[in-house]
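Data block below; observations after.
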Amino acid sequence: MMPADRLTTLEIRAAEQENTIEELSGQIAEQWTVIERMQRKLDALTDRFLALEEQSAPEVPVTKPPHW
């Protein structure tokens, strides 16, 4: 293989790798957006669950044990 052919092959590989890196970076950015949205939903659901749990928890009266 001629040195010019090797150089062309390396340039092609470098360009392909650059495209791959850009694609992966874009996918990571999209996934991060999804993760943030899911985290906000989880936080909202957790708050809602805790509020419902507080509302439904029966008030336990403070009484003396029967042996007193």
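The criterion of being assigned to a loop (DSSP other than H, G, I, E, B) and more than 25 Å from the chain's Cα centre (by Cα) holds for Glu59. No other residue among Trp32, Trp68 is of a type in the set (Phe, Trp, Tyr) and either modelled with pLDDT of 95 or more or surrounded by 10 or more Cβ atoms within 10 Å (Cβ to Cβ) (or both) apart from Trp32.
The values are calculated or read from the model by the stated rules, or taken from the named source; none is laboratory data. For clarity, every value in this text was computed on a predicted model and none was experimentally measured. Cβ atoms come from the backbone with ideal geometry, glycine included; neighbour counts cover every protein chain shown.
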